[in-house]
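Taking it in order: structure first as C-alpha coordinates, then the write-up.
The values are calculated or read from the model by the stated rules, or taken from the named source; none is laboratory data. Keep in mind that what you see is a predicted model, and the values were worked out from it rather than measured. Backbone-built Cβ (ideal geometry, glycine too); neighbour counts: all protein chains shown. Areas reflect the complete protein model, heavy atoms only, side chains present, ligands, DNA and RNA absent. Shrake-Rupley method; radii C 1.70, N 1.55, O 1.52, S 1.80 Å.
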Amino acid sequence: MAESFGTDPERYDRTRPSYPPALLARIVAASPGPDVVDVGCGTGTASRQLRAAGCTVLGVEPDARMAEFARRTGIEVEVATFETWDPAGRRFDAVVAGTAWHWVDLVAGPARASRVLRPGGLLAPFWHAFQLPPELADAFAGAYRQVAPDAPFRIPAAWPGLDSYQPMFDAAADGIRRAGGFTEPEQWRFDWERGYTRDEWLDQLPTSGAATRLPPDALAELCAAVGAAVDTLGGSFTMRYSTVAVAATRTGASD
(Lines give C-alpha, C1' and ligand atoms only; values in the text may rest on other atoms or scores of the structure.)
Protein backbone atom coordinates (compact mmCIF):
# COMPACT_ATOMS: atom_id res chain seq x y z
CA MET A 1 0.00 0.00 0.00
CA ALA A 2 2.89 2.37 0.69
CA GLU A 3 3.63 2.42 -3.03
CA SER A 4 0.00 2.80 -4.14
CA PHE A 5 -0.01 6.57 -3.58
CA GLY A 6 2.01 7.18 -6.75
CA THR A 7 -0.92 6.20 -8.97
CA ASP A 8 -1.75 9.89 -9.49
CA PRO A 9 1.06 12.05 -8.07
CA GLU A 10 -0.35 15.25 -9.57
CA ARG A 11 -3.62 14.83 -7.69
CA TYR A 12 -1.79 13.79 -4.53
CA ASP A 13 0.36 16.90 -4.59
CA ARG A 14 -2.54 19.18 -5.45
CA THR A 15 -4.92 17.97 -2.77
CA ARG A 16 -2.89 16.79 0.23
CA PRO A 17 -2.51 19.48 2.92
CA SER A 18 0.83 21.12 3.60
CA TYR A 19 2.34 21.37 7.07
CA PRO A 20 2.00 24.19 9.62
CA PRO A 21 4.69 26.84 9.22
CA ALA A 22 5.24 26.75 12.99
CA LEU A 23 6.23 23.08 12.76
CA LEU A 24 8.76 23.75 10.02
CA ALA A 25 10.15 26.70 12.00
CA ARG A 26 10.61 24.51 15.06
CA ILE A 27 12.41 21.84 13.04
CA VAL A 28 14.76 24.44 11.60
CA ALA A 29 15.39 25.93 15.05
CA ALA A 30 16.08 22.51 16.61
CA SER A 31 18.38 21.31 13.84
CA PRO A 32 22.09 22.08 14.21
CA GLY A 33 22.36 22.88 10.50
CA PRO A 34 20.48 23.05 7.20
CA ASP A 35 21.09 19.59 5.72
CA VAL A 36 17.88 17.54 5.89
CA VAL A 37 16.81 14.08 4.73
CA ASP A 38 13.07 13.84 4.04
CA VAL A 39 12.09 10.16 4.40
CA GLY A 40 9.20 9.08 2.19
CA CYS A 41 9.17 12.55 0.66
CA GLY A 42 6.40 11.66 -1.79
CA THR A 43 5.77 14.51 -4.19
CA GLY A 44 7.89 16.83 -2.05
CA THR A 45 5.33 18.76 -0.02
CA ALA A 46 7.36 18.96 3.20
CA SER A 47 10.63 19.10 1.24
CA ARG A 48 9.57 22.26 -0.58
CA GLN A 49 8.45 23.87 2.66
CA LEU A 50 11.77 23.06 4.30
CA ARG A 51 13.65 24.35 1.28
CA ALA A 52 11.70 27.61 1.50
CA ALA A 53 12.72 27.80 5.16
CA GLY A 54 16.40 27.71 4.16
CA CYS A 55 17.20 24.00 4.30
CA THR A 56 19.07 21.86 1.79
CA VAL A 57 16.81 18.84 1.36
CA LEU A 58 17.45 15.35 0.05
CA GLY A 59 14.37 13.20 -0.42
CA VAL A 60 14.38 9.41 -0.03
CA GLU A 61 11.30 7.89 -1.65
CA PRO A 62 10.52 4.26 -2.60
CA ASP A 63 8.01 5.14 -5.33
CA ALA A 64 9.76 6.26 -8.53
CA ARG A 65 6.61 8.03 -9.76
CA MET A 66 6.40 10.20 -6.67
CA ALA A 67 10.14 10.81 -6.77
CA GLU A 68 9.99 11.99 -10.37
CA PHE A 69 7.24 14.47 -9.53
CA ALA A 70 9.28 15.84 -6.62
CA ARG A 71 12.32 16.19 -8.88
CA ARG A 72 10.27 18.29 -11.30
CA THR A 73 9.65 20.72 -8.45
CA GLY A 74 13.38 21.03 -7.81
CA ILE A 75 13.83 18.51 -5.00
CA GLU A 76 16.76 16.09 -5.17
CA VAL A 77 15.41 12.58 -4.57
CA GLU A 78 16.99 9.14 -4.32
CA VAL A 79 14.69 6.16 -4.91
CA ALA A 80 14.89 3.64 -2.05
CA THR A 81 13.27 2.61 1.15
CA PHE A 82 14.93 4.35 4.06
CA GLU A 83 16.01 1.03 5.59
CA THR A 84 17.90 0.03 2.42
CA TRP A 85 19.04 3.50 1.31
CA ASP A 86 22.80 3.96 0.97
CA PRO A 87 23.87 7.36 2.35
CA ALA A 88 27.35 6.81 0.88
CA GLY A 89 29.10 8.27 3.88
CA ARG A 90 27.06 11.47 3.93
CA ARG A 91 25.94 13.04 7.22
CA PHE A 92 22.94 15.27 7.85
CA ASP A 93 21.58 17.66 10.46
CA ALA A 94 18.00 16.40 10.50
CA VAL A 95 15.95 13.40 9.39
CA VAL A 96 12.25 14.11 8.98
CA ALA A 97 9.26 12.24 7.57
CA GLY A 98 5.96 13.87 6.71
CA THR A 99 3.10 11.40 7.25
CA ALA A 100 5.36 8.56 6.12
CA TRP A 101 7.25 7.15 9.13
CA HIS A 102 4.56 4.51 9.77
CA TRP A 103 5.78 2.81 6.56
CA VAL A 104 9.32 2.59 8.02
CA ASP A 105 10.46 -0.17 10.37
CA LEU A 106 10.06 1.33 13.84
CA VAL A 107 13.52 0.22 15.04
CA ALA A 108 15.56 -0.09 11.83
CA GLY A 109 14.38 3.41 10.80
CA PRO A 110 15.72 5.32 13.81
CA ALA A 111 18.83 3.11 13.82
CA ARG A 112 19.53 4.20 10.25
CA ALA A 113 18.77 7.80 11.17
CA SER A 114 21.30 7.63 14.01
CA ARG A 115 23.98 6.50 11.56
CA VAL A 116 23.37 9.35 9.11
CA LEU A 117 22.84 12.17 11.62
CA ARG A 118 25.62 14.32 12.97
CA PRO A 119 25.85 14.51 16.78
CA GLY A 120 23.09 16.80 17.94
CA GLY A 121 21.11 16.07 14.80
CA LEU A 122 17.33 15.95 14.90
CA LEU A 123 15.02 13.02 14.13
CA ALA A 124 11.48 14.33 13.70
CA PRO A 125 8.82 12.27 11.93
CA PHE A 126 5.44 14.03 11.91
CA TRP A 127 1.85 13.31 10.96
CA HIS A 128 -1.47 15.00 10.34
CA ALA A 129 -4.18 13.78 12.71
CA PHE A 130 -7.61 14.89 11.61
CA GLN A 131 -11.09 14.96 13.07
CA LEU A 132 -14.21 15.18 10.95
CA PRO A 133 -17.26 17.08 12.12
CA PRO A 134 -19.48 14.63 14.04
CA GLU A 135 -22.25 15.12 11.47
CA LEU A 136 -20.01 13.63 8.79
CA ALA A 137 -17.99 11.01 10.66
CA ASP A 138 -20.69 8.35 10.81
CA ALA A 139 -21.81 8.96 7.21
CA PHE A 140 -18.26 8.76 5.87
CA ALA A 141 -17.49 5.64 7.91
CA GLY A 142 -20.65 3.96 6.66
CA ALA A 143 -19.74 4.72 3.06
CA TYR A 144 -16.25 3.24 3.48
CA ARG A 145 -17.58 0.14 5.23
CA GLN A 146 -20.07 -0.43 2.45
CA VAL A 147 -17.61 0.00 -0.40
CA ALA A 148 -14.41 -1.34 1.23
CA PRO A 149 -15.50 -3.74 3.99
CA ASP A 150 -12.24 -5.69 3.78
CA ALA A 151 -9.90 -2.73 4.17
CA PRO A 152 -6.96 -3.92 6.35
CA PHE A 153 -7.15 -0.91 8.68
CA ARG A 154 -9.63 1.20 10.54
CA ILE A 155 -11.52 3.67 8.39
CA PRO A 156 -10.11 7.15 9.16
CA ALA A 157 -13.52 8.81 8.96
CA ALA A 158 -14.65 6.83 11.99
CA TRP A 159 -11.68 7.72 14.17
CA PRO A 160 -12.64 9.91 17.12
CA GLY A 161 -9.77 12.37 16.82
CA LEU A 162 -6.25 12.90 18.07
CA ASP A 163 -6.45 10.24 20.80
CA SER A 164 -6.85 7.50 18.19
CA TYR A 165 -3.51 8.46 16.64
CA GLN A 166 -1.65 8.37 19.96
CA PRO A 167 -0.72 4.66 19.69
CA MET A 168 1.11 5.45 16.43
CA PHE A 169 3.02 8.30 18.07
CA ASP A 170 3.82 6.09 21.05
CA ALA A 171 5.06 3.31 18.76
CA ALA A 172 7.37 5.75 16.96
CA ALA A 173 8.76 6.98 20.27
CA ASP A 174 9.26 3.42 21.51
CA GLY A 175 11.13 2.51 18.32
CA ILE A 176 13.46 5.46 18.84
CA ARG A 177 14.15 4.34 22.41
CA ARG A 178 14.79 0.75 21.33
CA ALA A 179 17.17 1.84 18.56
CA GLY A 180 19.23 3.85 21.05
CA GLY A 181 21.47 6.81 20.37
CA PHE A 182 18.79 9.48 20.94
CA THR A 183 17.47 11.65 23.73
CA GLU A 184 14.05 10.84 25.16
CA PRO A 185 11.48 11.52 22.40
CA GLU A 186 9.04 14.35 22.87
CA GLN A 187 5.88 15.39 21.05
CA TRP A 188 5.31 18.72 19.34
CA ARG A 189 1.68 19.51 18.52
CA PHE A 190 0.24 22.16 16.23
CA ASP A 191 -3.55 22.62 15.89
CA TRP A 192 -5.18 24.20 12.86
CA GLU A 193 -8.27 24.03 10.63
CA ARG A 194 -9.01 23.87 6.93
CA GLY A 195 -12.28 24.33 5.09
CA TYR A 196 -13.27 21.99 2.25
CA THR A 197 -15.96 22.26 -0.37
CA ARG A 198 -17.61 19.08 -1.58
CA ASP A 199 -15.54 19.11 -4.77
CA GLU A 200 -12.27 19.77 -2.93
CA TRP A 201 -12.84 16.82 -0.60
CA LEU A 202 -13.81 14.50 -3.44
CA ASP A 203 -10.73 15.61 -5.38
CA GLN A 204 -8.43 14.39 -2.59
CA LEU A 205 -10.42 11.30 -1.63
CA PRO A 206 -8.81 9.00 -4.26
CA THR A 207 -5.37 9.73 -2.74
CA SER A 208 -6.26 8.23 0.65
CA GLY A 209 -4.94 4.83 1.68
CA ALA A 210 -8.47 3.45 1.86
CA ALA A 211 -9.18 4.44 -1.75
CA THR A 212 -5.97 4.16 -3.78
CA ARG A 213 -6.55 0.50 -4.61
CA LEU A 214 -10.32 0.53 -5.14
CA PRO A 215 -11.57 -0.40 -8.63
CA PRO A 216 -13.12 2.51 -10.56
CA ASP A 217 -16.74 1.48 -9.96
CA ALA A 218 -16.20 1.15 -6.21
CA LEU A 219 -14.37 4.48 -6.08
CA ALA A 220 -17.25 6.15 -7.92
CA GLU A 221 -19.72 4.64 -5.45
CA LEU A 222 -17.65 5.88 -2.52
CA CYS A 223 -17.39 9.39 -3.94
CA ALA A 224 -21.14 9.54 -4.53
CA ALA A 225 -21.92 8.53 -0.95
CA VAL A 226 -19.35 10.86 0.58
CA GLY A 227 -20.43 13.74 -1.67
CA ALA A 228 -24.06 13.24 -0.66
CA ALA A 229 -23.05 13.43 3.00
CA VAL A 230 -21.23 16.73 2.45
CA ASP A 231 -24.27 18.07 0.60
CA THR A 232 -26.35 17.61 3.76
CA LEU A 233 -24.13 20.26 5.40
CA GLY A 234 -24.61 22.73 2.57
CA GLY A 235 -21.74 21.52 0.41
CA SER A 236 -18.79 22.36 2.66
CA PHE A 237 -17.30 21.63 6.06
CA THR A 238 -14.34 22.48 8.29
CA MET A 239 -11.76 19.84 9.15
CA ARG A 240 -9.85 20.09 12.42
CA TYR A 241 -6.19 19.05 12.18
CA SER A 242 -3.46 18.44 14.72
CA THR A 243 0.00 18.00 13.24
CA VAL A 244 2.20 16.09 15.68
CA ALA A 245 5.94 15.46 15.55
CA VAL A 246 7.81 12.84 17.58
CA ALA A 247 11.21 14.48 18.02
CA ALA A 248 14.53 13.30 19.47
CA THR A 249 18.15 14.45 19.26
CA ARG A 250 21.08 12.21 18.34
CA THR A 251 23.51 11.73 21.18
CA GLY A 252 27.12 10.59 21.27
CA ALA A 253 30.23 11.43 19.32
CA SER A 254 30.62 11.34 15.56
CA ASP A 255 31.21 7.87 14.07
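Before moving on, here are some points about what is shown:
- Mean residue ellipticity, 222 nm, helices only, the chain: the sum of -39500 (n - 2.57) across DSSP H runs of n ≥ 4, divided by residue count and rounded to 500, is -11500 deg cm²/dmol.
- Degrees between helix 21-30 axis and first principal axis of the chain (Cα, 0 to 90, nearest 10): 20 degrees
- Simple Cβ-charge dipole of segment 162-240, Lys/Arg +1 and Asp/Glu -1, about Cα centre, in debye nearest 20: 180 debye
- DSSP bridge orientation in the chain - percent antiparallel, rounded to nearest 5: 55 percent
- Candidates Q166, A148, A97 compared by Cα position along the dipole of the chain: farthest toward the positive end lies A97, with charges placed on Cβ.
- If only the Cβ of Lys and Arg carry +1 and only the Cβ of Asp and Glu carry -1, the dipole of the chain around its Cα centre is close to 640 debye.
- Seen against the Cα atoms of the chain and their longest principal axis, helix 216-231 is set at about 80 degrees.
- Of the residues Y19, Y144, Y165, the one that moves most in a GNM of the chain with alpha-carbon contacts below 10 Å is Y165.
- Just checking the listed ones, A88, A124, A111: in the Gaussian network model of the chain with Cα springs under 10 Å, the one fluctuating most is A88.
- Within the shell defined by Cβ-Cβ distances under 10 Å, the residues around T45 carry a net charge of 0, with Lys and Arg each +1 and Asp and Glu each -1.
- Residues considered: P134, P87, P110. Largest GNM mean-square fluctuation over the chain, using C-alpha springs under 10 Å, is found at P134.
- Pairwise centroid distance, computed over Cα atoms, of segment 229-246 with segment 7-52, Å: 21 Å
- Percent carbon-and-sulfur accessible area, the chain, ignoring ligands, DNA and RNA, probe 1.4 Å: 52 percent
- With a 1.4 Å probe rolled over the protein heavy atoms of all chains, the accessible area of F82, F130 falls in the order F130, F82, largest first.
- Across segment 1-136, the relative contact order, built from alpha-carbon pairs under 8 Å that are at least six residues apart, equals 24 percent.
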